[in-house]
1. Taking the highest mean first, how do the peptides 116-125, 39-48 order by number of other beta carbon atoms within 10 angstrom per residue?
2. How would you order 105-113, 52-60 from highest to lowest mean count of nearby Cβ atoms within 10 Å?
3. Of the peptides 18-25, 156-163, how do they stack up when ordered by the mean number of other Cβ atoms within 10 Å, highest first?
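Readers should treat all values here as calculations from the given coordinates under stated rules, not as data from a laboratory. This one's a predicted model, so the numbers in the text were calculated from it and none came from an experiment. Backbone-built Cβ (ideal geometry, glycine too); neighbour counts: all protein chains shown.
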Amino acid sequence: MDAGTVTKQLDPLILLDQAVAQDKVPRVLAKRVRLKMKYLQGAVQRVEKASGLRYPPYYIEPVLPVSRTGNEYGQMGVLFARVIPTTLNGGVLILVQFTAALLAYGTKGTIEAVAAHEFTHYVELVRKLSTVDVASDEIATTLYEASYADAERLVPPKLIFSDRHLVSLISRKFKDQLSDQALNKKVGDSWIAKELPIRWVGPQDNWVKLPMGAVASTKFDPAVLAKIALLEEKKPS
């Protein structure tokens, strides 16, 4: 994933367009994704209004990540969205990856819940990186590297969002992971069974190592840092 390409082009669909041009994704499916981008854009606006914060850059991933740990057809371990930190120009750039399958087959409510859920991961990641808490449960090396896994802790939605209906939506849709059997079935039947692009991933594939120098030189969104500081103050001593 070329983060620079996505941010410079300011087009979250650039990778999907490339996949269509390479005949990896059908045009009719790409058109469906484009039509449903309004749901994602609306979800981002709802999250921003409920949190008072800007949403990080996001893009649509045409290759579906599927976890090897999924044991049942109805629980395939599909990673419909992820927060991905990467290095760019000597600093850390945080992106949110939404899959084309999520937009193609997810309902408006599911897309909103996923967008909000990933935002809580984003805030937690900024907290960890800005406080250099990334090494708390790791063995440091002489060339210190900060590791991050998207499946790690997140900030409770009720502490971030003023929209109680959005908080309730997240609670209904997420337990340990996204709970949407109808979406899983549609993706199984219409994406995986039809051999559209997938990438098998293991737990180790969902980790990103960030050089400490890049973390230290990154200027995170001041509003997010202010929000994090407020949350820290409210923590019970």
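1. 116-125, 39-48
2. Working: 105-113: 20.7, 52-60: 18.6.
The densest-packed peptide leads the list: 105-113, 52-60.
3. On the way: 18-25: 14.8, 156-163: 17.1.
Packing order, densest peptide first, comes out as 156-163, 18-25.
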